[in-house]
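Just so it is clear, none of the values below were taken in a lab; they were calculated from the coordinates. Note that the coordinates shown come from a computational prediction; the quantities given were computed from them, not determined experimentally. We place every Cβ from the backbone using ideal geometry, glycine too, and count neighbours over all the protein chains shown.
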């Protein structure tokens, strides 16, 4: 699950939490509950904002094996309407063809969030 940093203007604190992508935190009280920390003297209704940072290792190139281990699928175009799944696993087909739904990668098996 992804990690996010949130900043509270009222108390000047930045707190890191782990939550699904779809979760939206807007108030100090929600953040404290999610992070399992004491709110202190800060009003629970104080607004917070997500701090945008570069994802860890976002600029580090990784090979096909590294992508596969992280749960990514990499498709390389080989011909018109034909893509090679260079990160295939299990029963996935090596080549994906535009007109063959059975050749699609198993994306639902790779999503953990």
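Label sites at residue 75 and residue 46, each approximated as a point 7 angstrom past Cα along Cα to Cβ, lie 4.7 nm apart. Modelled this way, with points 7 Å down the Cα-to-C-beta line, the labels at residue 100 and residue 84 are 1.5 nm from one another. Per residue, the chain reaches -3500 deg cm²/dmol at 222 nm when only DSSP H runs of four or more residues are counted, each adding -39500 (n - 2.57).
Projection of the Cα convex hull of the chain, averaged over all directions and equal to a quarter of that hull's surface, yields 9.5 nm². Please list log₁₀ I(q)/I(0) at q = 0.14, 0.16, 0.20, 0.33 Å⁻¹ for the stretch 3-51, using the Debye equation with identical point scatterers on the alpha-carbon positions. Log-scaled intensity ratios, in q order: -0.27, -0.35, -0.55, -1.57.
Remark: relative contact order (the chain) = 18 percent; criterion is Cα-Cα distance under 8 angstrom and separation of 6 or more residues.
Rounded to the nearest 0.05, what FRET efficiency do residue 64 and residue 36 have when you use their Cβ-Cβ distance and R0 = 30 Å? The pair residue 64/residue 36 has a calculated efficiency of 0.20. Is the C-alpha gyration tensor of the stretch 64-110 telling us rounded, prolate or oblate? Criteria: a/c under 1.5 is rounded; beyond that, a/b larger than b/c is prolate, otherwise oblate. Cα axes put the stretch 64-110 in the oblate bin.
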